[in-house]
1. Kindly provide the set of residues from segment 232-260 that are of a type in the set (Val, Ile, Thr) and at pLDDT 95 or above, ordered by number.
2. Considering only residues that are more than 22 Å from the chain's Cα centre (by Cα) and of a type in the set (Val, Ile, Thr), look in segment 138-173 and name the one that is farthest from Val218 (Cα to Cα).
3. Give the residues of segment 184-198 that are part of a strand (DSSP E or B) and acidic (Asp, Glu), sorted by residue number.
4. What are the pairs with Cβ atoms under 7 angstrom where one residue, in segment 200-219, is over 12 Å from Glu45 (Cα atoms) and the other, located anywhere, is among the β-branched types (Val, Ile, Thr)? Sequence gap at least six, or different chains.
5. Looking only at segment 96-107, filter to residues that are among the aliphatic types (A, V, I, L, M) and under 14 Å from Met169 (Cβ atoms); which one of those is modelled with the highest pLDDT?
6. Given Asp211, Asp149, Asp161, which one is surrounded by fewer than 22 Cβ atoms within 10 Å (Cβ to Cβ) and touching a strand residue (DSSP E or B) at 6+ places or on another chain (Cβ under 7 Å)?
7. Please count how many residues of segment 42-84 are without any contact (Cβ under 8 Å) to a residue 60 or more places away in the chain, touching a Pro at 6+ places or on another chain (Cβ under 9 Å) and of a type in the set (Gly, Ala, Ser).
8. Can you tell me which condition Val110 does not meet? The list is (1) touching a helix residue (DSSP H, G or I) at 6+ places or on another chain (Cβ under 7 Å); (2) modelled with pLDDT under 95, and all the others hold.
Amino acid sequence: MRDQNAKQNDAMRSDGRILECRGIERSFGGLKALKSVDIHVDRGEIFGLVGPNGSGKTTMVNVVTGFYPPNAGSVQLFGQDITGMKPNRVARMGVARTFQNLALFRGMSVLDNILLGRHVHMKPGALPSLFYWLWGAREEIAHRRAAEDIIDFMQLQDIRDEPVEVIPMGLQKRVELARALVAEPRFLILDEPMAGMNQEEKEYIARFILDARDERNVSILLIEHHMDVVTAICDRIVVLSYGEIIAQGEPKAAIADPQVITAYLGERAAARVLQANGGAP
């Protein structure tokens, strides 16, 4: 395992690339959800994956994390080919994610939900249980310490013992982000982490995402519909529409592309916008 991690680190140092997907295709029956998509995420980058509903964003993430094997193409993570690898193995390589719909466990406290994010580091077995006070207790304390550190980082101290279902949606989203960070990922995938939030809550989450990148050395792939957030915190974006890339590059320039405006607003509305701006986006 140590040799494998060393190889991964060497690969990352060689070109600074965390993720590289080439020619990804994925179909569901007669529906082609992804059509020869190429994306890459560099080390230390916040990379945005945006597009209208149904454009293939979540499908792309599910291919990367092993939930859907691609019908064609390859996925490289930390310099290693992981095409078709099972999700649990991808997670153990240092990948954590949040989901478009909240996936917290009702009836459990905020602390217990966050502790569940440590599962990739836990080593259950008969021996730790048999020799709990010599072995298991030490591991349990270490996991609890990691959870408390994240609680402080995400400013969740006041609600740490509250049942997760009674706290507001904005705080639930923050708990889900905390659960992903407590796994100590090197690569974090966030699927619409600001859905349903007001402006103040969005600003809080945006700050925590930036802090995670800067203070915890996490590279981030962000799916998000709030374009003000995307342009504020993303270094680079790719815009999908019907499973194809229609624009990419610096966020403000990519979002202003006429194809992107048309994909979001429709041809007539896009034509009115362009006409109102003298033909410029």
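1. Within segment 232-260, Ile233, Ile237, Val238, Val239, Ile245, Ile246 qualify.
2. Val166
3. Listed by number, the list holds a single entry, Asp191.
4. Lys202/Val229; Ala206/Val229; Ala206/Ile233
5. Ranking the qualifying residues of segment 96-107, first place goes to Leu104.
6. Asp161
7. 2
8. Evaluating Val110 over (1) touching a helix residue (DSSP H, G or I) at 6+ places or on another chain (Cβ under 7 Å); (2) modelled with pLDDT under 95 leaves (2) as the failure.
The values are calculated or read from the model by the stated rules, or taken from the named source; none is laboratory data. Keep in mind that this is a model prediction, so the values were computed, not measured. Glycine gets a Cβ as well: all are built from the backbone with ideal geometry, and neighbour counts include every protein chain shown.
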